[in-house]
Amino acid sequence: MAENDEHDDRRRSPRTRVSVDGRLMTPQGEEFTCSVKDISLVGIALSTQARVNMDDKVIIYLNDLGRFEGKVVRMIEDGFCVEIHLVTPRRERVAERIRWLYENQRLPAAAANGRQFPRITPKETGLGAASRLVLANGERAECRVLDMSLSGAHLKTDLRPPLNSKVQVGRMTGRVVRHTAEGIGVHFDTIASDLPTDASHLQ
């Protein structure tokens with residue numbers, strides 16, 4: 001790629017700060033955890049304890065974004081920057097996912113920061129935690145409500161609907177905002193006027 005083309009590509013692909021964790025593999029086959037400091041369609045800045053050299057080729061697996069390969073092009077204080085090359089149509093999918101992460105990454109932060117809406121667990125309500133999950137394609141599955149609030153719920157399920165896809169949980173509709181080890185996090189389309197005292201609206 002010519003120098004001017006590289007400059008134009010970087011200018012059209014601004015760096016975006018998102019909170020994404022993952023793992024990387026060095027040329028020696030060693031694996032390390034990593035987290036994204038910022039990302040664009042041409043490069044990723046990573047915070048990691050991995051030891052690498054300039055021009056090393058690394059393989060990166062990022063939660064919610066997938067697998068990347070690239071060359072180390074710059075060292076930073078607590079990690080390094082990797083140059084990546086994406087081709088259409090994956091380039092478009094990654095761009096869409098980065099935008100979605102940027103717009104929604106503050107939802108978990110708001111929940112962790114004193115939780116704007118307090119959460120309760122179904123066992124505190126005296127009711128069971130069983131519920132039914134309906135996906136956008138009509139697929140139905142049993143699930144279990146791990147905790148809930150005015151604005152959403154954490155569900156235990158083997159299903160992993162795409163992020164931002166529409167789902168129905170009991171009588172509530174919403175969208176998938178995160179994948180977890182247990183299942184999925186759902187943000188409701190509407191917010192109740194009072195903190196739920198039971199899980200009936202999710203059954």
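The values are calculated or read from the model by the stated rules, or taken from the named source; none is laboratory data. Source: prediction; values computed, not measured. Neighbour counts are summed over all protein chains in view; Cβ atoms, including those assigned to glycine, are modelled from backbone coordinates with ideal geometry. Keep in mind that these areas ignore ligands, DNA and RNA; they rest on the heavy atoms of the full protein, side chains included. Shrake-Rupley method; radii C 1.70, N 1.55, O 1.52, S 1.80 Å.
Only protein heavy atoms count here; under a 1.4 Å probe, Cys81 has an accessible surface of about 10 Å². Only protein atoms count toward the accessible area here, which uses a 1.4 Å probe; on segment 125-191, the carbon and sulfur part of that area reaches 48 percent. For segment 13-111, which GluC sites (Glu not before Pro) pass both filters: DSSP loop (anything but H, G, I, E, B) and at most 10 other C-beta atoms within 10 Å? For GluC sites (Glu not before Pro) across segment 13-111 that sit outside H, G, I, E and B with at most 10 neighbouring Cβ atoms in 10 Å, the list reads Glu77. Stretched out straight at 0.36 nm per residue, the stretch from Thr33 to Val73 would grow longer than its current Cα-Cα span by 12.5 nm. Ranking Asp78, Asp21 by solvent-accessible area of protein heavy atoms (1.4 Å probe, all protein chains present), from largest to smallest, gives Asp21, Asp78.
Over segment 37-82, accessible surface divided per residue gives 50 Å², non-protein components excluded, 1.4 Å probe.
Restricting attention to segment 27-66, which trypsin sites (Lys or Arg not before Pro) occupy a DSSP loop and are surrounded by at most 13 other Cβ atoms within 10 Å?
Listed in order of number, the matching sites are Arg51.
Sequence-ordered 3J(HN,Hα) estimates for segment 151-165 from the Karplus curve with 6.51, -1.76 and 1.60 and θ = phi - 60° stand at 9, x, 8, 9, 10, 8, 7, 7, 6, 10, x, x, 4, 6, 7 Hz, glycine and proline given as x. At the residue level, Thr157 shows approximately 10 square angstrom of accessible surface with a 1.4 angstrom probe and all protein chains present.
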